[in-house]
Amino acid sequence: MENNLVVQSNELVLAAYTMTTKEKQLLLTCISRIDSRPDAPNITKQTKFTVTVEEVAKIFYTDSTKKNAFRDLEQASNRLFDREVLIALEDNKTLRTRFVSGVLYDPNGEQITITFAEDVLPYLTQLKANFTKYRLMEVSELSSIHSMRLYELIVCWVGQYQYTKSMDLDDFRYVMGIKGKYKQFGQLRERVIETAIDEVNESTNYKITVEYHKKSRGKGYEGLTLKFHRKTLDKLTSADGTLSQATIQSIVDNVQFMNDYNNHPSLSYDGKMQTDAFKREMINIIQREPESFNKPKKALESYLPKIKH
């Protein structure tokens, strides 16, 4: 479980499933045990992953709530076995499977041993591309399953070079694992959307804003647009709190910026050799990896035009 790194294929992140916060915490802790690299040792349906209650409590519990960890993990392990997941495949096919095929709870050792379902293993192991990764600590302060789910989706979309996402409300319900629930828009907005956004904004390294789309006919709402960026880019946002694409463009157009970062490790060969490719790639690199622009006195905002008073 090196650095508690959670790695999942994008197909699994975008899959539909329902579970509680405690089940999700247990599942993610077990996933972080997997070495997902292409050259990692092979994992089979017989491979078992054991986590202790103490390990989970250390990440997801405070001193005042640790006393509940033993009870919570016992209940979560029982429920997790029954959870199924729907994974969208090509040609409109859908794979219906489970996350785990076996759960062994050992009250004496205060530990849980998980065996992942065979059909889900390809979405967790030997991943070469199109995957989402983050560290457990990044979601350790999220108390809602909706917040954890939204955070995963945001990280997935950013990894696909998407920094805004529009969808109708039914699609949003599906991807959040609440299909058929919160049919009233007011309930959906209050109990899911804004609760999750507020918690992600407060407790993670991302900032999210939302716009709601009214129905073209009649009353009510039919969709939403999410906009998101890393908080390290807050100085590049517009007055409404969303990331300013014009500001990013002005940075990549800055000749000094090109001189300072034309050897950025995430640039391709073409990006290092051609101006147009540099600008095109840098727009995405800035949004995905703003922390990587860390040369002394050469932070991203230093390339913005000086404001004249």
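Could you identify the single residue in V103, V120, V53, V85 that is open to solvent by less than 20 Å² (accessible area, probe 1.4 Å) and free of Cβ contacts under 8 Å to residues at least 60 places away in the same chain?
Among V103, V120, V53, V85, only V53 is open to solvent by less than 20 Å² (accessible area, probe 1.4 Å) and free of Cβ contacts under 8 Å to residues at least 60 places away in the same chain.
Just one of the numbered conditions (1) among the basic types (K, R); (2) open to solvent by 70 Å² or more (accessible area, probe 1.4 Å); (3) in the same structural domain as Y163 (by the TED database) is not true of K207; which one?
Going through (1) among the basic types (K, R); (2) open to solvent by 70 Å² or more (accessible area, probe 1.4 Å); (3) in the same structural domain as Y163 (by the TED database) one by one, K207 breaks only (2).
Please count how many residues of the stretch 1-28 are over 26 Å from A88 (Cβ atoms) and open to solvent by less than 50 Å² (accessible area, probe 1.4 Å).
Residues that pass the stated criteria total 1.
Assuming R173 fulfils every condition listed in (1) in contact with a helix residue (DSSP H, G or I) (Cβ under 6 Å, 6 or more places away or on another chain); (2) open to solvent by 10 Å² or more (accessible area, probe 1.4 Å); (3) modelled with pLDDT of 95 or more apart from one, which condition is it?
Going through the list (1) in contact with a helix residue (DSSP H, G or I) (Cβ under 6 Å, 6 or more places away or on another chain); (2) open to solvent by 10 Å² or more (accessible area, probe 1.4 Å); (3) modelled with pLDDT of 95 or more, R173 breaks only (1).
So for the stretch 178-188 (the condition being in contact with a Phe, Trp or Tyr (Cβ under 6 Å, 6 or more places away or on another chain), open to solvent by less than 30 Å² (accessible area, probe 1.4 Å) and not in a loop (DSSP other than H, G, I, E, B)), does at least one residue qualify?
yes
May I ask you to list the residues in the stretch 219-253 that are of a type in the set (S, T, N, Q), open to solvent by less than 70 Å² (accessible area, probe 1.4 Å) and touching a residue at least 40 places away in the same chain (Cβ under 8 Å)?
Within the stretch 219-253, T225, T247, S250 qualify.
Tally up the residues in the stretch 134-149 that are surrounded by fewer than 20 Cβ atoms within 10 Å (Cβ to Cβ) and either in a loop (DSSP other than H, G, I, E, B) or polar (S, T, N, Q) (or both), please.
4
Could you figure out which of (1) of a type outside the set (A, V, I, L, M, F, W, C); (2) out of contact with any Pro (no Cβ under 8 Å at 6 or more places or on another chain); (3) open to solvent by 30 Å² or more (accessible area, probe 1.4 Å) isn't true of Q126?
Tallying (1) of a type outside the set (A, V, I, L, M, F, W, C); (2) out of contact with any Pro (no Cβ under 8 Å at 6 or more places or on another chain); (3) open to solvent by 30 Å² or more (accessible area, probe 1.4 Å), Q126 fails exactly one: (2).
Please determine, by comparing only the residues of the stretch 90-123 that are at pLDDT 95 or above and part of a loop (DSSP other than H, G, I, E, B), which one is farthest from L14 (Cα to Cα).
If we take residues in the stretch 90-123 being at pLDDT 95 or above and part of a loop (DSSP other than H, G, I, E, B), then A117 is farthest from L14 (Cα to Cα).
Consider the stretch 255-307. How many of its residues are surrounded by 13 or more Cβ atoms within 10 Å (Cβ to Cβ), aromatic (F, W, Y) and within 22 Å of Y161 (Cα to Cα)?
Residues flagged as surrounded by 13 or more Cβ atoms within 10 Å (Cβ to Cβ), aromatic (F, W, Y) and within 22 Å of Y161 (Cα to Cα) within the stretch 255-307 amount to 4.
Which of the numbered conditions does D91 fail, given that it passes all the others? Conditions: (1) among the acidic types (D, E); (2) touching a residue at least 60 places away in the same chain (Cβ under 8 Å); (3) open to solvent by 90 Å² or more (accessible area, probe 1.4 Å); (4) out of contact with any Asp or Glu (no Cβ under 9 Å at 6 or more places or on another chain).
D91 satisfies all of (1) among the acidic types (D, E); (2) touching a residue at least 60 places away in the same chain (Cβ under 8 Å); (3) open to solvent by 90 Å² or more (accessible area, probe 1.4 Å); (4) out of contact with any Asp or Glu (no Cβ under 9 Å at 6 or more places or on another chain) except (2).
Taking the options H229, H213, name whichever one is modelled with pLDDT of 95 or more and within 30 Å of G271 (Cβ to Cβ).
Values: H213 fails: within 30 Å of G271 (Cβ to Cβ).
Only one candidate passes the filter, namely H229.
Only residues that are open to solvent by 50 Å² or more (accessible area, probe 1.4 Å), at pLDDT below 90 and not polar (S, T, N, Q): list them for the stretch 39-50, please.
Hits for the stretch 39-50 are D39, P41, K45.
Look at the stretch 23-77 and say how many of its residues are of a type in the set (G, A, S), assigned to a helix (DSSP H, G or I) and over 22 Å from R98 (Cβ atoms). Reasoning before the result, please.
Restricting attention to the stretch 23-77, the residues satisfying the condition of being of a type in the set (G, A, S) are 32, 36, 40, 57, 64, 69, 76-77.
Among the residues that remain, those that are also assigned to a helix (DSSP H, G or I) are: 57, 69, 76-77.
Add one more test, that the residue is over 22 Å from R98 (Cβ atoms), and what stays is 57, 69.
Counting residues in the stretch 23-77 that are of a type in the set (G, A, S), assigned to a helix (DSSP H, G or I) and over 22 Å from R98 (Cβ atoms) gives 2.
The values are calculated or read from the model by the stated rules, or taken from the named source; none is laboratory data. Quantities reported herein were computed from a predicted structural model and do not represent experimental measurements. Here Cβ is always computed from backbone atoms with ideal geometry, including for glycine, and neighbour counts include all displayed protein chains. Protein only, heavy atoms only, side chains kept; ligands, DNA and RNA dropped before computing areas. Shrake-Rupley method; radii C 1.70, N 1.55, O 1.52, S 1.80 Å.
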